[in-house]
1. Could you check how many residues of the range 332-360 are open to solvent by 20 Å² or more (accessible area, probe 1.4 Å), more than 19 Å from residue 423 (Cβ to Cβ) and either outside any helix (DSSP H, G or I) or in contact with a helix residue (DSSP H, G or I) (Cβ under 6 Å, 6 or more places away or on another chain) (or both)?
2. Considering each of 253, 257 in turn, give the residue that is part of a helix (DSSP H, G or I), more than 27 Å from the chain's Cα centre (by Cα) and modelled with pLDDT under 95.
3. Identify the single condition in (1) open to solvent by 20 Å² or more (accessible area, probe 1.4 Å); (2) part of a loop (DSSP other than H, G, I, E, B) that residue 123 does not satisfy, given that it satisfies every other one.
4. Residues being of a type outside the set (Gly, Ala, Ser) and assigned to a loop (DSSP other than H, G, I, E, B): count how many of those fall in the range 263-294.
5. Being outside any helix (DSSP H, G or I) and touching a Leu at 6+ places or on another chain (Cβ under 9 Å) narrows it down to one of 441, 437, 428, 424, so name that one.
6. Within the range 390-406, does at least one residue satisfy the condition of being surrounded by 18 or more Cβ atoms within 10 Å (Cβ to Cβ), among the aliphatic types (A, V, I, L, M), more than 29 Å from residue 32 (Cα to Cα) and modelled with pLDDT under 95?
7. With assigned to a helix (DSSP H, G or I), touching a residue at least 12 places away in the same chain (Cβ under 8 Å) and within 30 Å of residue 50 (Cα to Cα) as the only criterion, which of 329, 366 stands out?
8. Go through the range 253-276 and count every residue that is in contact with a Lys or Arg (Cβ under 9 Å, 6 or more places away or on another chain) and open to solvent by 30 Å² or more (accessible area, probe 1.4 Å).
Amino acid sequence: MSIPRSPLRVVTATVLAALFVYALVSLPGFGARWGWSAGGVLLFGAWAGAAAAGVRALTRRPGPASLIGMALVIAALRFGSATLADGRISPGDPHAYVELARNLVLHGDFGVYESYLNLYCRAFYPPLYPLLLAGWGAVLGFSTGSLLAFGTLIDGAAAMLIALLGARLGSGAAGCRAAWLYLIWPSVVLSAPLAAKEGFCALLVLAIALAWLGEGKGWRAAIVLGGLAGLLALTQPGQAPLAALIGLMLARRIGIRSVIRRGLMALPVAVLVMLPWWARNWLVFGMFVPLTSAGGLSLWVGNNAQATGNWIEYPPGLRDLPEIIVGKRAAALAVDWIRSDPAGFVRLTLTKFVRACGVSIFGVVRLEAMSPTIGRTLAAVLWPVSHLSHAALLALAAWRAGSRAVPGALLLLIAACALQLALFGVWFEFGERHRDFVTPFLLLLLCWPIGQTAVGKAAPTP
């Protein structure tokens, strides 16, 4: 490994290495929870072998046999995931988004009943993903197969943008290899047959990165950037600042004047994109509700004496309240706890960040929490491939981060993602799924070539 020549490379490599150590330390706990099984080790070995074979095939333009084999692996993993999810009801957001979409299709109403609060929520969830899901479901329904096709379409679009981003940063081969890994990545595959918006968030973040790195100038470029920023805000409000952070982090490459000019031009476009949702909320509530009414509840989920970063059941005192009031009451409870235990707040915040970024078992936990559950035996088979793939990504990305061959712009994109998590994400409900948008950039880092492509071999292009 070459000697790092910038503080950014040192910090990136150090943080990723520290998270890898945490991933290793977590292994005994997961083994105690679900047990170890020969099937789990074999599944991880088979997955790792298929992933490596695809990466190797993409060191040059793959032939028909390689492409067919890779397509079969993608199909097998995704149909396997759909088989696990079929006939089961997922807790949390995936089920809520399906219900929202169904209500839109059947009744033309954007709202969903929240049983834990005994409340019909009208602005609890941001609108864009449910609207897209409703349009899809109106034609193809909401079966597991339909949701799998919807999720795979989104993941395929994200993979295309990963390949294009690799090419724009200087290595189409790295982009293609990272795109392949993204399509078979365990956390992505386990979410594919569910109505999970994290893949769509990753797609929008990749598009924003490409927009900032594009050569376009003037209003056309501003409309693209502002439109994407507004769409991200309407999908995952907590990630809205990331559009600006990416520009600021790339200021040295783009030019600070250009960043400021493009940002100011993009801002009114983003406002126009969000304006219909603001107007709708004003008509419903008689007040300004910018993106979601769930901010206070998310703050409480992330900050209380029992908090872990993942969702927990709301306290009984928040039941049977109006939608806007319940958010304010929950936020007040969170603030009271923070004031009463500031040291605990700091400790919890750091723990949330390390735990969410250092492990990858959420897909298995979600399957186990479904009704009916997959059971402990099957969970023991699935958790090694989910967690060990993430641990390997952290280790290899830490190693690659120190290489001078890796472009600084890629490290700056990863730094922008890290700042988004640290400055805006970790204070609220903060689990693994809230950092999923970072995975494409880490896969690019993992796949970036350190040496030259072999003589006589044509590198693949997106």
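The values are calculated or read from the model by the stated rules, or taken from the named source; none is laboratory data. Quick caveat, the model's predicted, so the values are computed rather than measured. No Cβ is skipped: glycine too gets one built from the backbone with ideal geometry, and neighbour counts run over all protein chains shown. Quick note on the areas: whole protein, heavy atoms, side chains included, nothing else; ligands and nucleic acids left out. Shrake-Rupley method; radii C 1.70, N 1.55, O 1.52, S 1.80 Å.
1. So the answer is 2.
2. Working: 253 fails: more than 27 Å from the chain's Cα centre (by Cα).
None of the other options fit; the residue is 257.
3. (1)
4. Filtering the range 263-294 for residues of a type outside the set (Gly, Ala, Ser) gives 264-265, 267-269, 271-278, 280-285, 287-292.
Right, trim to assigned to a loop (DSSP other than H, G, I, E, B) and you get 287-292.
Residues meeting the conditions: 6.
5. Numbers: 441 fails: outside any helix (DSSP H, G or I); 437 fails: outside any helix (DSSP H, G or I); 424 fails: outside any helix (DSSP H, G or I).
After applying the criteria, what remains is 428.
6. Looking for residues that are surrounded by 18 or more Cβ atoms within 10 Å (Cβ to Cβ), among the aliphatic types (A, V, I, L, M), more than 29 Å from residue 32 (Cα to Cα) and modelled with pLDDT under 95, one finds at least one in the range 390-406, hence yes.
7. Values: 329 fails: within 30 Å of residue 50 (Cα to Cα).
Answer to the selection: 366.
8. Adding up the residues that qualify gives 2.
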